[in-house]
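Working notes, structure below.
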Amino acid sequence: MHHLIRSHMERSLLNVANRYIGENPPLPPVYRVFQEEGITGNGDYLYEYDGQHHEPQARNGEMVYISGRIMSDREQTVTFRINCRCPAVVYVNAEALFRSSIDTEIYPGRFAEFALPLKPGATHVTVRFTKRASGFGGSFGLAGMRWNYLPVLCPSKEREGRLGWIYTPASAEPLAELPYEGWAEGQSRVEWLPRQHWSEAEKGMGQLRRLFGCKPGQTAVGWSKLWLPGPDSSHCMLQGTSFGRIKIFVGGEPVYESDPQGEFEFEAAFTRGCGFHDVVVFSFCGELDWGFRLHISDDSGSDVVGITGVKVEGAPDRWLYLGPFESEIPMTPELTDMCRLHGSPASPIYWRVDRPDCRIRPSLENRLFGKWNYPLGVTLYGLLETGRYLEREDVVSYARKHAELCSSWYSYSVWDQSACGLPGMNHQLVQLHMLDDCGSFGSALLEACREGDLPGASMVSDRIASYIQQEQSRLPDGALYRIFPESATLWADDLYMSVPFLCRYAQRTNNAACLEDAARQFIRFREYLLLPETQLLSHVYDFGYGAPTGIPWGRGNGWALFSLAELLAVLPEDHPARAELLDYYQSFSSGILRQQGPGGMWHQVLTDHESYEETSCTAMFIYALARGLRMGWLEPCHELAERLQAAWQALVERQIDAQGNVLGVCEGSWYSFDPDYYKYSLKPKLNDTHGIGIVLLAGIELLKYQEWGDSPRGAAE
């Protein structure tokens, strides 16, 4: 292979990878204060106000106002959904944008929807419910939050940075003024809930008593950070009051222990160097009270306690609290690992702040990094293979960090859903409804573990395997299919949403049943979807109509051939189904090759060359066919190799620009019996994650094939 061609391919691949990474940097979760006694979510990713719970004494005609700031990083239009058991009005930036009709007020379970325009930053939304005999309250929020999570923040200055909605007590008087940007609760004539402040009696207690009650023998932890200014030793003065026995650790080392309650003051020398260092205080509940006050100052008397243990938006002070534990616990590095739950499985514990019912809640608020969805699974797979083949550890590390952010937070996310009604992270993984939610990203997670296991990966992969094997809908013959209230369908896409994961999980766990299942799916799907005259696959089989849709959608066929190449790569040579699957791969490949356009690419509807040239299916076919040549599944053929190179060249010249932008990727789809839906309604997108990873995989597989072809073995064959 000519060196210049190879160099150009590598540069194009790195441009795509680097643009994606640069646009989606590895940002950590945002930690925010959240009030558990406020308005929580439900299983439909909506928020729920139940007037019978919040205002059981409210009278007919009284109103409640619920207000929040929906945050968006870009201009977009979303769908607002509302189900109300009484009259409702939705105000957007103080203007009434929606009023309920009698249909939504009278019929339980009926939703109304309207378009909600969002600008970058905050959009203020206020919902007003008016109590009637039919009920008081309802559920509301943005449709599609599982796929496009947007945080809702408190709208007032007093609760700046906190997650959640605030609401008024029921009143017959309408509000004179709705919350707006820069608004303060103090200027309102009503008290907003949930309550912000401790009562006077609670203020007189140690903070751990008002947070956790008083049960002698329990333990709790306070965590903050101090700043040491110099590289050498630093002297600090620690002063404070203990409301019972305490132990103080700085940088993991013990510096003080008191038995009786009372005031203390001592000097400590530190040799740990410049920077922030953890301050951890263990407190032990006595008969009457527990907690502490602590001030740390340097030689000049300046306060050196700088920030909370992690940066927390909306925190009232510099301390986070964890408890109560039923007995004394040790000081360990894992104690301050924010992705860990503490306590027991039956009674998990997470960090809180010193305000009523306020805990810390992590939230992923960037567009893509750390998110869990099926196109990102292919994106990570492409980044991993690109980093490995081009020996770019930074690219591999980025992909692993993304996967780790998902897997390491899994246990927390499951608990967060149970505590708040909807999770702030891992939305689709936690709320498993279909193969889209788990198979593709699960496969990428296991692929990322090749460089070393990731925290939580085993738990997550076991959960996915359990879902696919025991919970996902199956036909009597074992084929995986989708069942919804309005339809029952089998999709070509679901071969990728299941088979690659089953293959990798079988390798990881020696679970032969998973590999058998993967092989069986291809045989079953072919029976339902094969279009014999073209050797292509229909996108979908609709059981309601008892027929395939008959449309050979490009990416649907791409998912299938891509996945078959993944299966054949690991299926043993002596497997009973291998010969049948290899024959299927070869006939499928022939059908695909007959549809390649004269410009080198494949089309959105494979048999309709007036439909647009589509990037993701072209890349999938390059990948699967180049792998077939390299692995010996296809007869060595100079013409085929040239056709694959022409397809890649078409991608580089027309679909990948010099900055690494990827054009012409079909957006996510539903299905139709009408080819015009695919041809005209499904638009090509810029930098859609359905295409970025597979473009990378296609280029790397083509490089591998060409390298193999230049080898003595490849040249001989």
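The values are calculated or read from the model by the stated rules, or taken from the named source; none is laboratory data. Because the structure is a prediction, the values reported are computed rather than measured. Every residue, glycine among them, receives a Cβ derived from its backbone with ideal geometry; neighbour counts consider all protein chains shown. SASA here: full protein model, heavy atoms, side chains in, ligands and nucleic acids out. Shrake-Rupley method; radii C 1.70, N 1.55, O 1.52, S 1.80 Å.
Laid out as a table, the results:
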| item | result |
| --- | --- |
| Set LEU228, LEU175, LEU211: member being buried (at least 19 other Cβ atoms within 10 Å of the Cβ) and touching a Ser or Thr at 6+ places or on another chain (Cβ under 8 Å) | LEU228 |
| Sole residue being aliphatic (A, V, I, L, M), modelled with pLDDT of 95 or more and surrounded by fewer than 15 Cβ atoms within 10 Å (Cβ to Cβ), chosen from ALA579, ALA560 | ALA579 |
| Selection status of SER589, under 37 Å from the mean Cα position of the chain (by Cα) and in a loop (DSSP other than H, G, I, E, B) | no |
| From LEU640, LEU634, residue being in contact (Cβ under 8 Å) with a residue 40 or more places away in the chain and under 29 Å from ASN661 (Cα atoms) | LEU640 |
| Filter result (open to solvent by less than 10 Å² (accessible area, probe 1.4 Å), under 13 Å from the mean Cα position of the chain (by Cα) and farther than 20 Å from TYR481 by Cα) within segment 413-438 | SER413, LEU422, PRO423, GLY424, MET425, ASN426 |
| Residues located in segment 12-47, provided they are under 21 Å from PHE129 (Cβ atoms) and buried (at least 19 other Cβ atoms within 10 Å of the Cβ) | GLN35, GLY38, ILE39, GLY41, TYR45, LEU46, TYR47 |
| Residues located in segment 449-484, provided they are aromatic (Phe, Trp, Tyr) and in a loop (DSSP other than H, G, I, E, B) | TYR481 |
| Single condition TYR45 does not satisfy, out of (1) among the hydroxyl-bearing types (Ser, Thr, Tyr); (2) free of Cβ contacts under 8 Å to residues at least 12 places away in the same chain; (3) part of a loop (DSSP other than H, G, I, E, B) | (2) |
| Residue count for segment 385-404, restricted to those that are crowded, with 20+ Cβ neighbours inside 10 Å, closer than 18 Å to PRO455 by Cα and in contact (Cβ under 8 Å) with a residue 60 or more places away in the chain | 2 |
| Top-ranked residue in segment 55-82 [being among the charged types (D, E, K, R) and closer than 25 Å to ALA176 by Cα; ranked as most open to solvent (accessible area, probe 1.4 Å)] | ARG59 |
| Leading residue by the ranking (surrounded by the fewest Cβ atoms within 10 Å (Cβ to Cβ)) among those in segment 125-141 that are in a strand (DSSP E or B) and among the aromatic types (Phe, Trp, Tyr) | PHE140 |
| Which numbered condition SER681 misses (of (1) closer than 26 Å to ASP542 by Cβ; (2) touching a strand residue (DSSP E or B) at 6+ places or on another chain (Cβ under 8 Å)) | (2) |
| Single residue of segment 183-198 satisfying the filter (charged (D, E, K, R) and assigned to a loop (DSSP other than H, G, I, E, B)) that is most open to solvent (accessible area, probe 1.4 Å) | ARG189 |
| GLU334 more than 30 Å from CYS406 (Cα to Cα) and either small (Gly, Ala, Ser) or exposed (fewer than 15 other Cβ atoms within 10 Å of the Cβ) (or both) | no |
| Cβ pairs under 8 Å, 6+ apart, first in segment 95-124 and on the phi < 0 side of the Ramachandran plot and part of a loop (DSSP other than H, G, I, E, B), second open to solvent by less than 90 Å² (accessible area, probe 1.4 Å) and β-branched (Val, Ile, Thr) | SER100/ILE82; SER100/VAL89; ARG110/THR104; PHE111/ILE82; PHE111/THR104 |
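Residue-by-condition table, conditions (1) without any contact (Cβ under 8 Å) to a residue 60 or more places away in the chain; (2) not in a helix (DSSP H, G or I):
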| position | (1), (2) |
| --- | --- |
| GLU328 | no, yes |
| MET338 | no, yes |
| ARG359 | no, yes |
| TRP415 | no, no |
| GLY424 | no, yes |
| LEU429 | yes, no |
